[in-house]
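The values are calculated or read from the model by the stated rules, or taken from the named source; none is laboratory data. Remember, it's a predicted structure, so these values are computed and weren't measured experimentally. Don't worry about glycine lacking a Cβ; one is built from the backbone with ideal geometry, like all the others, and counts go over all protein chains shown.
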Amino acid sequence: MSLLTVKDLCVRYKNQIKKMEAVREISFSVKPGECVGIVGESGSGKSTAMQALMGLLPDTAEVSCGELKLGEQSLMVSAQNGSKKDREHFEKQMCRIRGGEMSMIFQNPSAYLNPAVKIGRQIAETIRVHKQCSTKEAKEETLRLLEMVGIRNPLQRISQYPFELSGGMQQRVAIAIALACEPKLLIADEPTTALDATVQKQILALLRRIAEETGTAMIIVTHNLSAAAVLCSRILVMKAGQIIEEGSVQDIFRYPQASYTKELVYYAQELQKGAGGQAGGGVLLKTEKVCKKYRNQNFWLGRDDQEAVHQVSMEIREGESFGIVGESGSGKTTLARLVAGIHKPTSGQILSRGEIQMVFQHSYGSFNPRFTVEQILEEPLIYQTGDNREQRMEKINKMLPLVGINPEERKKYPHQFSGGQQQRIGIARALISDPKLVVCDEPVSSLDVSIQAQILELLKEIQDRRNLSYLFISHDLNVIRHMSQRMGVMYLGRMVESGITEEVYEDPWHPYTKELLTSVLVPDPKIAKRKKRALIKDNLFSEEKGCPYYSHCGYALECCGKEKPEIYQFDSRRVACFLYSEEHGGKRSPDYVMTAQI
Amino acid sequence: MKIWCQQHKLAAAGLTGLIILTAAAIIVPLCSNYSYSAQDVQIKNLPSSFAHLFGTDKFGRDIFVRVWYGTRISLMIGIGSAFINGIIGILYGGTAGFIGGRADMLLMRIADVISSIPSLLYIILITMVLGANVGSLLLGICIAGWISTARIVRGEMLRLKEMEYVMAANLSGVPKWIIFFKHLLPGTLGPVIVNITVLIPQAIFTEAFLSFVGIGIEAPMASLGTLIQDARSQMQLYPSQMVYPIFILCLLVVSISFVGADLERAAKSQRRG
């Protein structure tokens with residue numbers, strides 16, 4: 001007996017010009033208490049299919065379905081295109097089902113929660129719509145739900161507005177709303193994509209706990225195979241609106257059948273491999289205690305400086321990739337811009353030999369939409385070289401095939417290319433003026449997994465060919481491991497640990513690095529399920545004095561809350577933590593070999 | 001062409017109206033046998049006829065010629081002021097937004113001060129000193145008319161300045177002034193053009209209003225405002241003398257507004273992607 005049965009679900013988008021088929025005859029079923037993952041790249045129709053089930057698609061969508069059964073009752077999804085009466089009937093039915101029996105979590109909780117309503121009221125509202133109960137009962141239920149999704153001090157939290165909560169907290173509230181009426185089925189559409197690595201792991205663990213405790217069936221829609229591996233027992237792989245493969249998690253990972261699934265699994269596992277290679281060149285770029293403060297000057301409140309980057313020292317050698325990893329708000333993008341010379345440091349200095357160029361995260365936003373590819377690539381040449389037009393065209397014609405773009409397409413505008421191709425053009429622009437160092441600021445995080453792998457390979461290939469150095473910035477630990485020989489970990493504007501990538505991964509020294517590494521998603525269902533649950537913690541604001549990680553740290557000493565740790569260096573490893581200081585670890589003989597203290 | 005007209009019905013209607021009105025405003029005063037100023041007591045207050053399509057006024061002047069002559073002045077003031085306001089506004093707002101910081105604050109506060117002075121006051125002064133003609137009216141309208149454009153351009157500039165393609169251009173070594181003219185200004189044009197299509201009817205109305213209260217275009221020159229004012233004294237006897245200029249004025253403003261509305265829609269859908 002299955003909870004949800006879908007047969008031949010189709011979604012077509014009507015447009016004035018043409019019809020587009022987003023979902024083509026997909027059929028699947030979900031058993032009670034089962035966790036099903038739907039994996040596919042952007043545009044594969046996975047979200048559209050889920051929205052069709054919930055009846056959330058706009059009028060321009062044409063939905064048809066052979067059979068759709070939720071428990072005992074069948075839903076007439078196709079009625080939303082029918083006559084007015086049909087539609088009204090359908091809406092009435094769905095109003096009861098949405099939230100009551102089937103609910104949904106979306107990717108971006110800050111857009112999903114109403115910014116002007118306190119979270120307690122938002123949860124209670126849902127409860128009171130579906131259940132006959134008093135305000136007081138609804139409040140008690142709200143508190144219970146918040147506790148269930150792992151929010152401490154729920155009594156305090158219910159009178160807060162969404163913007164007062166961190167992204168992970170907001171997603172927890174969204175989950176609480178979805179669970180408010182004990183639905184039989186929970187659809188999560190990319191529930192962790194917008195969240196940081198550590199938080200992502202926590203939310204996934206939370207969803208798993210909820211599935212186990214309440215027996216709610218779940219459909220997890222994601223582009224990340226590893227995230228699906230953590231949660232699901234069965235996976236459906238979607239491509240171009242169709243389900244191309246279906247199987248248990250083990251089968252999908254061990255014996256993928258369809259070539260597309262093989263590719264997905266291969267890329268995910270490929271990313272796990274380290275970068276390898278040792279760079280022995282001279283120092284190309286050196287930063288010394290670089291700080292960047294943003295000045296918020298307000299007439300009424302006076303000055304309020306925010307320090308985005310605090311005393312970061314690092315060096316990048318010729319031909320090597322230096323990776324920087326950190327959560328959002330850790331100052332890694334600011335550091336990238338400081339290195340690239342877009343911003344000037346408030347104090348400290350950056351010394352570099354040779355030109356520095358940059359590859360941006362959203363390559364489309366880094367192109368003037370009014371320029372053709374040719375104009376985009378020509379611009380750096382005009383202002384940085386004395387080449388005449390013919391020489392410039394020759395360079396462009398040479399550069400485009402190198403990044404895998406047909407030179408005949410150079411008269412096109414950037415929006416006529418796909419996301420991966422746009423990133424290739426972005427790389428071409430960075431390379432065309434022949435820089436020594438390229439700063440890559442999250443170059444693949446907005447791309448699909450298969451395209452990510454291609455872009456990373458391209459970057460590696462170019463590095464080998466041109467002896468380039470990269471400063472590689474990413475929130476994705478797998479990407480950093482795959483790309484960089486040395487790496488730094490940033491936390492709230494400080495570089496808390498840096499060293500050789502393999503060593504840091506094998507043996508993290510700083511408590512934060514350790515937590516970050518335990519939150520890596522592994523594309524292997526066995527390991528993923530065995531891994532310990534990440535601790536659920538409140539996001540407290542860091543103390544003004546003391547170590548920024550003090551409030552989260554499991555190894556905090558008394559001094560950690562009072563002063564800031566300096567950076568202690570041991571060979572290639574640098575760590576900003578009192579555990580490694582002489583004052584607190586005792587005097588050491590000169591030939592003492594430091595090891596991890598945690 | 002046919003598809004374009006179907007997709008942009010408003011703009012097509014507005015443009016057609018505007019072209020006909022402009023053509024008439026240029027051709028009619030050139031080709032007509034009557035001048036806008038020649039008076040003839042014999043034929044005063046005639047109703048419409050083949051000789052005088054809109055009839056004649058109380059001095060025996062042909063209203064048809066006078067109306068088109070007035071349309072000519074309206075168009076000159078409308079388009080002229082849009083042109084001048086557009087250029088000043090784009091450069092002023094663009095500079096303020098591009099430089100930012102203290103200069104931005106100073107420039108925009110100056111603009112606030114200028115826009116807070118009642119315009120009627122200095123327009124009367126200007127027409128007194130320079131004489132009541134198209135030039136002085138243009139000057140009067142343009143003293144504060146550019147401010148709304150400047151504000152829009154400044155806002156757009158602040159937004160575009162933070163775009164990554166500007167950073168990329170910086171990294172490519174593009175000089176600042178080229179970034180300003182090549183990367184930033186073209187990006188602000190969408191909303192500015194929409195704003196200017198609002199400014200044109202506004203200027204036309206201002207001129208008509210000033211002429212109506214008697215501080216605009218000087219007699220015997222005809223503007224749509226003076227025509228309405230002239231006809232007001234005998235409104236109850238000869239209402240048609242008033243209806244014709246009002247009708248043309250409405251047609252003119254509505255045509256331009258149609259074009260503007262369509263442009264705005266296009267700009268919005270473009271922003272949405």
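A few remarks follow.
- Lone unmet requirement of (1) modelled with pLDDT under 85; (2) surrounded by 21 or more Cβ atoms within 10 Å (Cβ to Cβ); (3) in the same structural domain as A:ILE210 (by TED's automatic domain parsing) for A:HIS130: (2)
- Answer residue from segment B:178-208, given it is farther than 30 Å from B:ILE248 by Cα and among the β-branched types (Val, Ile, Thr) and is farthest from the other protein chains (Cβ to nearest Cβ) among those: B:THR188
- Of the helices (runs of 4 or more DSSP H) entirely within segment A:355-450, none holds at least 2 residues that are touching a Pro at 6+ places or on another chain (Cβ under 7 Å), charged (D, E, K, R) and surrounded by fewer than 21 Cβ atoms within 10 Å (Cβ to Cβ).
- Residues of segment A:520-549 satisfying the condition of being among the hydroxyl-bearing types (Ser, Thr, Tyr) and modelled with pLDDT of 80 or more: A:TYR549
- Qualifying residue in segment A:428-448 (condition: in the same structural domain as A:VAL373 (by TED's automatic domain parsing), free of Cβ contacts under 8 Å to residues at least 60 places away in the same chain and more than 26 Å from B:GLY173 (Cα to Cα)): yes
- Residue in segment B:92-102 that is within 30 Å of B:ILE217 (Cα to Cα) and more than 14 Å from chain A (Cβ to nearest Cβ) present: yes
- A:ALA211 falls short on exactly one of the conditions (1) out of contact with any Cys (no Cβ under 9 Å at 6 or more places or on another chain); (2) assigned to a helix (DSSP H, G or I); (3) touching a residue at least 40 places away in the same chain (Cβ under 8 Å), and that condition is (1).
- Residues that are more than 25 Å from B:LYS176 (Cβ to Cβ), within 13 Å of another protein chain (Cβ to nearest Cβ) and surrounded by fewer than 22 Cβ atoms within 10 Å (Cβ to Cβ) do occur in segment A:292-310, at least one of them.
- Scope segment B:162-177; condition within 8 Å of another protein chain (Cβ to nearest Cβ) and assigned to a helix (DSSP H, G or I); matching residues: B:GLU164, B:TYR165, B:MET167, B:ALA168, B:ALA169, B:ASN170, B:LEU171
- Condition check for A:ALA194: assigned to a loop (DSSP other than H, G, I, E, B) and touching a residue at least 24 places away in the same chain (Cβ under 8 Å): yes
- Complete set of residues in segment A:338-355 that are within 8 Å of chain B (Cβ to nearest Cβ) and touching a residue at least 40 places away in the same chain (Cβ under 8 Å): A:ALA340
- Test result for B:LEU249, at pLDDT 90 or above, in contact with a helix residue (DSSP H, G or I) (Cβ under 8 Å, 6 or more places away or on another chain), within 27 Å of B:VAL65 (Cα to Cα) and of a type in the set (A, V, I, L, M, F, W, C): yes
- From the list A:TYR266, A:TYR255, A:TYR260, the one residue that fits, being touching a strand residue (DSSP E or B) at 6+ places or on another chain (Cβ under 6 Å) and aromatic (Phe, Trp, Tyr), is A:TYR260.
- Restricted to segment A:324-337, and to residues there that are touching a Lys or Arg at 6+ places or on another chain (Cβ under 7 Å) and buried (at least 24 other Cβ atoms within 10 Å of the Cβ), the residue that is modelled with the highest pLDDT is A:ILE324.
- Count of residues meeting criterion [crowded, with 19+ Cβ neighbours inside 10 Å and without any contact (Cβ under 8 Å) to a residue 12 or more places away in the chain] in segment B:137-162: 0
- For segment B:106-152, a tally of residues being assigned to a helix (DSSP H, G or I) and among the aromatic types (Phe, Trp, Tyr) returns 1.
- Residues being of a type in the set (Gly, Ala, Ser) and in contact with a His (Cβ under 8 Å, 6 or more places away or on another chain) - total across segment A:420-458: 2
- Residue, farthest from the chain's Cα centre (by Cα), within segment A:477-507, restricted to residues that are of a type in the set (A, V, I, L, M, F, W, C) and part of a strand (DSSP E or B): A:ILE500
- Hits in segment B:225-270 (condition: within 19 Å of B:LEU46 (Cα to Cα), buried (at least 16 other Cβ atoms within 10 Å of the Cβ), in contact (Cβ under 8 Å) with a residue 24 or more places away in the chain and not hydroxyl-bearing (Ser, Thr, Tyr)): B:LEU227, B:ASP230, B:ALA231, B:GLN241, B:PRO245
- In segment A:228-280, of all residues being at pLDDT below 80 and of a type in the set (A, V, I, L, M, F, W, C), the one that is farthest from A:SER484 (Cα to Cα) corresponds to A:ALA268.
- Residue tally, condition of a type in the set (Val, Ile, Thr) and modelled with pLDDT of 90 or more, over segment B:167-201: 3
- Test: residue in segment A:338-348 that is under 25 Å from the mean Cα position of the chain (by Cα) and closer than 27 Å to A:ASP464 by Cβ: yes
- All of A:ILE425, A:ILE462 fail the test of being within 31 Å of the chain's Cα centre (by Cα), within 28 Å of A:TYR267 (Cβ to Cβ) and either within 13 Å of chain B (Cβ to nearest Cβ) or free of Cβ contacts under 8 Å to residues at least 60 places away in the same chain (or both), apart from A:ILE425.
- Here the strands (runs of 3 or more DSSP E) wholly within segment A:20-110 that include at least 3 residues being more than 31 Å from the chain's Cα centre (by Cα) are A:61-70.
- Test for A:ARG392: is it within 14 Å of another protein chain (Cβ to nearest Cβ) and at pLDDT 90 or above: yes
- Residue within segment B:29-47 that is assigned to a helix (DSSP H, G or I) and surrounded by 21 or more Cβ atoms within 10 Å (Cβ to Cβ) present: yes
- Residue that is surrounded by the most Cβ atoms within 10 Å (Cβ to Cβ) [pool: residues in segment A:152-187 that are of a type in the set (A, V, I, L, M) and assigned to a loop (DSSP other than H, G, I, E, B)]: A:ALA180
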